[in-house]
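Q: Here it is, the structure, as structure tokens.
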Amino acid sequence: MSAVIRFFSVLLLSGWVVSSGAAPIPALPPEPPTLNELGYQTDTHHRLTIVSGARVRSQANNQSGVVATLTLGTTMKQIGRTAQPSALGDSKHYWYQVELDNQRRGWIFGSLTLPYHPSQHLEIYRKLVEERMGQSLSFADQMELTRLLQKLIAEIHEGDTPPKSLLAELQLAYLKSIQKTLDVYNQLSPTQRRQNPYSAWLRHLEQTAKEVIFFDEISARQLVKNEAFWELYEANPRMNQLSDHIAWTAANHPIGGECEGDLNCYFSYQLNSGLLRYLKHFPNSSYQQQALDTLLMETNPKDAYWSASDASELTQQLAQMTAILSQIDTPASTRLLAQLRRLSKS
């Protein structure tokens, strides 16, 4: 069993905590189950937060005291709602009276939540994750999404039995979300990196995700390991578009280091971790032309070199590349093969 797969199999996350709140308020009539934007069966007696920092208030207005501030993906029992919707900023929605896990009660504005059905919680969370991953999030929100993904993956390993594709989607989103937080961290000055929340977050990742992250000394960046994506693909090789997407993500994820025009280094990277490895598995995918165009551009003869000591290995690499590209019958693949042969003889 690989380190990455073992990592996913033991992933754990400490529980969330919400603050105390106001005394119980008499329940109002529940609304009909018509607000499920996700398209799933709803249980209007539960709701799910779809933003970070959602505030539960003591009364059904934005001026009352805060009972609790909830993280993304928090579930709560709905026990009532206001008779009429209210306007808050650009949104118009009901206020919902909810009960938290600690049995405290309060009110939350409807646009911060969705109806939630416990029996479909993983599929509903999957849609929530998909939406959040498509947004440009703050560092704090991206951290919170990463923690939510940790929690969901841990729940699956502890007993849930969802479709394998759903687990693979969450694992892919988790790796990508980690890298998004690291992209922010990598842009900071050394002084900023030593400050919270950045230093605390890196320590958290070093404790909970050490199998999938590393520090690349050459580029001075924290990165998710390229092989973590490839191992996820190898564990899920026959899921059509999802497998294709995982492999394409892997092929375009940095491995660290720098080849600086060294053909032997570049070919080794592309065969073992990059676009040629991708084309070996998906020679006729929708990304084919993009992969070939990139390889044509990056093997420009004027920017490449190799030493005589590399000749034997280059011959072996060319044979591997020829075998991969022979699966593809396009003008771009023909040009690339011809260019690679010229390079190896120059």
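Q: If you plug each phi of segment 285-293 into the Karplus form 6.51 cos²θ - 1.76 cosθ + 1.60 with θ = phi - 60°, what whole-Hz ³J(HN,Hα) values come out, in order, with x for Gly and Pro?
A: Couplings: 7, 5, 8, 4, 4, 4, 5, 5, 4 Hz.
Q: A follow-up question, please. Report, to one decimal in Å, the Kirkwood hydrodynamic radius for segment 186-332 based on all distinct Cα pairs.
A: 17.3
Q: Using modelled backbone amide H atoms (1.01 Å from N, in-plane), which distant-in-sequence or interchain residues come within less than 5 Å of Arg221's amide H?
A: Here Asp216 satisfy the definition.
Q: In sequence order, what are the phi-derived ³J(HN,Hα) couplings for segment 207-216 according to the Karplus relation 6.51 cos²θ - 1.76 cosθ + 1.60 with θ = phi - 60°, rounded to whole Hz, with x for glycine and proline?
A: Karplus-based 3J(HN,Hα) across segment 207-216 equals 8, 9, 9, 5, 6, 10, 10, 7, 9, 8 Hz.
Q: Kindly provide the GluC sites (Glu not before Pro) of segment 185-278 that DSSP labels as loop, not H, G, I, E or B, and whose Cβ sees at most 15 other Cβ atoms within 10 Å.
A: Answer in residue order: Glu217, Glu258, Glu260.
Q: Just flag the trypsin sites (Lys or Arg not before Pro) in segment 167-250 sitting in loop per DSSP whose Cβ has no more than 16 other Cβ atoms within 10 Å. Mind dumping the intermediate values first?
A: On the way: sites: Lys176, Lys180, Arg193, Arg194, Arg203, Lys210, Arg221, Lys225, Arg238; in loops: Arg194, Lys210, Lys225, Arg238.
Counting only loop positions with at most 16 other Cβ atoms within 10 Å, the trypsin sites (Lys or Arg not before Pro) in segment 167-250 are Arg194, Lys210, Arg238.
Q: Right, next: Considering the Cα trace of segment 123-220, what is its radius of gyration and what is Dmax, both in angstroms?
A: 14.3, 45
Q: State to the nearest 20 debye the size of the charge dipole of segment 260-346 about its Cα centre, where the only charges are +1 on K and R beta carbons and -1 on D and E beta carbons.
A: Its charge dipole is roughly 260 debye.
Q: Still on this structure, please answer the following. Amide H neighbours of Gly73 under 5 Å, counting only residues 5+ apart in sequence or on other chains, H built in-plane at 1.01 Å?
A: Distant-sequence amide H within range of Gly73: Thr49, Ile50, Val51.
Q: Enter the per residue convex hull volume of segment 43-116, computed from alpha-carbon coordinates, in Å³ rounded to the nearest integer. Present the calculation step by step, with values, prior to reporting the outcome.
A: Values: hull volume 5.8 nm³, N = 74.
Normalising the Cα hull of segment 43-116 by residue number yields 79 Å³.
Q: For segment 260-346, what does the convex hull of the Cα positions come to per residue, in cubic angstrom?
A: 82
Bear in mind these aren't lab numbers, they're just calculated from the coordinates by the rules spelled out. These numbers come from a predicted model, not from an experiment. When we count neighbours, we look across all protein chains shown, and the Cβ atoms used for this are built from the backbone with ideal geometry, even at glycine.
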